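Where a number appears in this text, it was derived from the coordinates with a stated rule and is not lab data. Remember, it's a predicted structure, so these values are computed and weren't measured experimentally. Ideal geometry is used to build each Cβ from the backbone, glycine not excepted, and the neighbour counts take in all protein chains shown.
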Amino acid sequence: MFARLRQRLGPVGYRLSVAGAIIAVYLLLCVLLKGGFASGLTFALNSVLYMLPFITFGAIVVIAVREGYLKSQIGTPLLALTFALIVGVITILWAEKNPFKAYGALLAGSLGSLQGISETLVTATPLILTGLAIAFAFRCGMFNIGAEGQFIMGQMGAAWAGFTFKGLPMILHLPLTLLCGTMGGALWASVPGFLKAKRGVHEVINSIMMNYIALYLTHNLVTGVLMAPGQIPVTPAIADSAKLFRFLTFINPTFRVNLGLVVALLAAWLVYLLLWKTTTGYEIRAVGINPHASRYAGINVSKSIMLAMVISGALAGTSGAVHVMGIQHKFVDVFSFIGYGFDGMAVALLGNNHPAGVVIGALLFGALSAGSSRMQLVAGVPKHIVTIIQAFIVFFVAAELIIKKLIARRETKSEFTEAEKEVAG
Amino acid sequence: MSNDKKTLSPILIIAVLVIAVAAILYFVFLRGDNANTTSGETLKFAMVTDVGGLGDQSFNDSAYEGLKKAEAELGAEIQVIESKAMDQYETNLRSLADQGFDMIWGVGFLMTDAVKNVAEQYPDIHFGLIDAAFTDADGNPLVLPNTMNVLFKEHEGSFLVGVIAALTTKTNVVGFVGGMQFPLIEKFEAGFIAGVRAINPDIKVLSAYTGKFDDPAKGKELALAQFGQNADVIFHASGACGIGVIEAAKEKGLWAIGVDSDQNHLAPENVLTSMMKSVDVGVFTGCKAIYDDAFVPGITTLGLAEAGVGYAPTTSNNVNAEILAKVDELAAKISAGEIVVPEIPAEASAFVLE
């Protein structure tokens, strides 16, 4: 239908009419939002003014990718971020706040000071690990939606080991605590992994259900046998020998960034090595691309699935362990899901399921999260705006096709297919 | 290819210019704002919400009411930060402390550790904590000289709504729906059971817990089950699950009892009364103490006598004066210390009014 329309209107006319349609829809939306024609019109004009820098930035990215200065794997998430920020402008304006001030505060709060950078890294640390967990399972063709539950079990495992084995020297206690957390996650993921590998039960359903079991099991433990004395549902604090070293406290004692970050980066490197430099990793990726062909080629598919799921769970469990050992120092009852596991999905998607991409995605999400407090303080913008921006980043990354259409030059068809090949391979 | 690049460069230059202008504009905006925040001799109060955030129709909103009252009556500047995740409590409290607020509130017991850590680091700033006391590493009570811990006698307020329930029920079966089961929520259950038993020990009290605070469907399910077992009045202490409990009462044409704030507006014909937990009173009392230069560190417990808990003002819409007179009589006795309301459900099931 569109092709015929383009033929009739000619390339210029077609583009003009598409632009016209977008503007018309936007105006209509504004009028509906503001509930009046005049106020809707001023709102639309105002918002376009505020959007201008983002639109230009987006245009630069598109041009850079088209001209070959920028890889499309980098350009796509960048554009998704830009689009999300544009939607954020509309939302912030609708809340009658100043978008520039809000974004400025977001930036200042996350990267504008050492404290901000520290907090960005603190939030990014568990996200790197859960992002890796999701990405790893995805490379084997599975959606590990249970990362949230595995994270909770990792927290519980580490907290338990942390306060139970008091008196051990740090050199034993620290790795033992981390291991208990990792095992907690791995154990939790092994159930849906086993069911998928041996019985073909869909891992999405199972791992979601395992999330709830983790939530209520830990709730039961932390309000029962593992509860610290007092009225509050928390476990006792872990021993000092199980705490991850906060390495920037010599600058300022409040900097919470800790060795968990090193653990996370190390894990990213190991995941890369495992997936791309070993036979096992090759098999896992082959199963992810086509399990039937893999079986035909002599790969043990159920072993690969089981292994991928357990490693994925171990990564998510490590994430929980690191969070307890570095930040919380105890298990605090999670009344409802904290969201590191779920955000991990967004991070993995953003990072194209590649360890390096996951690290970058986690840093971005960490920065957004860390900056949100300052945004409230300075610009009076509610925290939910950040959630909206995060959601739209995911939305636009998922809606890759829209962005690819924008990036791809219609005249040079070969480039488009090359980019497609790259993504697929 | 090279031709294309030439035609594109003006676009790039314009883009860079636009961004530069935007950056300048933004710095102008931000600078102007920073100048504003450092001025003035008025008192500055702030609070950090837990992950529930504003709009929870429960204690975060109630605490904010207290803060707004301080703004109106004490002429203070106020500020709220909503926490996006649990690990942000500490950071949020600290960024407020860095801004030089006079008193900073942490709302909810989940913030206990965060308030403790930050209060220790900023001895010159006053802090307030709702719903929790401090303990040291061995579990002994701890008082920080710059922090006020506000606790509520939820069991006393729940006792009163228990009395109202007992005097209203026709089937002699009443229900309790709690959120997650831990000592704080059990205080509501204990008070309610004791209140019912104070009127008639033969009335059966059904108890159930949803296991969460944010699931109206689960609340409705449990409430319908209790109505199915002949209950005709249900008291909930389950956060947003209670919306479902009230909905179930509306559907069945029976009674629900609200919690924390006056929930009568949710279903005027079916919300019998609400157990008010006035977090706002706690917050305002603390702010007022700073204003009057009469800050008292440590635990402040607000019960019936201090108007920290009670039944909702709209109760008289659905409850007759005779019953209210009886309730007020018992309330006076509790305030005077003549009746001691149990805090543990096991003790409450053996409660007898002398």
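For the protein assembly as shown, the dipole from Cβ point charges (+1 on Lys and Arg, -1 on Asp and Glu) about the Cα centre works out to 4200 debye, to the nearest 20. The angle between the Cα long axis of helix B:154-168 and the main principal axis of chain B comes to about 50°, on a 0 to 90 degree scale. Taking 28 Å as the straight-line reach from the Cα of A:Lys404, the lysines in range (excluding those fewer than 8 positions away in the same chain) are A:Lys71, A:Lys413, A:Lys421, B:Lys5, B:Lys6. In terms of surrounding Cβ atoms within a 10 Å radius of their Cβ, B:Ser261, A:Ser241 rank from fewest to most as A:Ser241, B:Ser261.
Based solely on its DSSP helices, what 222 nm [θ] is calculated for chain B when runs of n ≥ 4 H residues each add -39,500 (n - 2.57) and the sum is averaged over all residues, nearest 500 deg cm²/dmol? Please list the in-between numbers first.
Numbers: 11 runs with 161 residues, N = 354.
One gets -15000 deg cm²/dmol as the mean residue ellipticity at 222 nm.
What does the charge add up to near A:Ala362, with Lys and Arg as +1, Asp and Glu as -1, over the other residues with Cβ less than 15 Å from its Cβ? Taking every Cβ under 15 Å from that of A:Ala362, the sum is -3. Here's how it looks for A:Leu70: its modeled amide H is under 5 Å from those of A:Val65, which are all 5 or more places away or on a different chain. Between A:Gly149, A:Gly317, A:Gly380, the GNM of chain A built on Cα springs shorter than 10 angstrom shows A:Gly380 fluctuating the most.
Grab the other residues whose beta carbon is less than 11 angstrom from that of B:Lys69, score K and R as +1, D and E as -1, and report the net. Spell out each step's value before the answer.
Details: positive: B:Lys68, B:Lys288; negative: B:Glu65, B:Glu71, B:Glu73, B:Asp280.
Charge balance in the 11 Å sphere: -2.
The angle separating the long axis of helix A:301-323 from the principal Cα axis of greatest extent in chain A is about 80 degrees. Between A:Phe395 and B:Ala225, the FRET efficiency estimated from the beta carbon spacing at R0 = 51 angstrom works out to 0.85.
Quick one: which of B:Lys153/B:Lys333; B:Lys153/B:Lys218; B:Lys44/B:Lys288; A:Lys101/A:Lys383; B:Lys170/B:Lys277 span more than 20 angstrom between C-alpha atoms? Walk me through the numbers before you get to the answer.
Details: B:Lys153/B:Lys333 15 Å; B:Lys153/B:Lys218 27 Å; B:Lys44/B:Lys288 12 Å; A:Lys101/A:Lys383 15 Å; B:Lys170/B:Lys277 27 Å.
From B:Lys153/B:Lys333; B:Lys153/B:Lys218; B:Lys44/B:Lys288; A:Lys101/A:Lys383; B:Lys170/B:Lys277, over 20 Å: B:Lys153/B:Lys218; B:Lys170/B:Lys277.
Relative to the longest principal axis of the Cα atoms of chain B, the long axis of helix B:321-335 lies at roughly 70 degrees.
Taking 7 Å steps out from each Cα toward its Cβ at A:Leu28 and B:Ala72 produces label points 4.4 nm apart. At q = 0.11, 0.12 Å⁻¹ the log10 of I(q)/I(0) for chain A amounts to -0.93, -1.06, computed by Debye summation with a single uniform scatterer per C-alpha, solvent ignored.
For the residues of A:366-373, the average number of beta carbons from a partner chain within 10 Å of their own beta carbon is 3. Anyone know which of B:Gly106, B:Gly253, B:Gly239 comes out most mobile in the 10 Å Cα GNM of chain B? Ranking B:Gly106, B:Gly253, B:Gly239 by mean-square fluctuation puts B:Gly253 first. Here the Karplus curve 6.51 cos²θ - 1.76 cosθ + 1.60, taken at θ = phi - 60°, turns the phi angles of the range B:72-77 into couplings of 6, 8, 9, x, 8, 8 Hz, with x standing for Gly and Pro.
In the range B:44-152, the DSSP beta bridges split such that about 10 percent are antiparallel, to the nearest 5.
Highest mean first, what order results for A:107-117, B:85-95, A:179-189 on Cβ atoms within 10 Å? Could you put the intermediate results ahead of the total?
On the way: A:107-117: 18.2, B:85-95: 23.9, A:179-189: 27.1.
Highest to lowest by the protection proxy: A:179-189, B:85-95, A:107-117.
Given a cut-off of 29 Å, name the pairs among B:Lys84/B:Lys116; B:Lys69/B:Lys212; B:Lys84/B:Lys250 whose C-alpha atoms lie farther apart than that in the structure shown.
Details: B:Lys84/B:Lys116 20 Å; B:Lys69/B:Lys212 31 Å; B:Lys84/B:Lys250 34 Å.
Beyond 29 Å between Cα atoms: B:Lys69/B:Lys212; B:Lys84/B:Lys250.
A simple rule links phi to the HN-Hα coupling: the Karplus curve 6.51 cos²θ - 1.76 cosθ + 1.60 with θ = phi - 60°, which for the range B:255-268 gives 9, 10, 10, x, 9, 6, 10, 6, 9, 4, 5, 6, 6, x Hz, with x for Gly and Pro. Where both bridge residues fall in the protein assembly as shown, DSSP classifies roughly 10% of the beta bridges as antiparallel.
Lysine pairs in the range A:110-378 whose alpha-carbon atoms fall under 18 angstrom of each other, counting only those eight or more residues apart or on distinct chains, come to 5.
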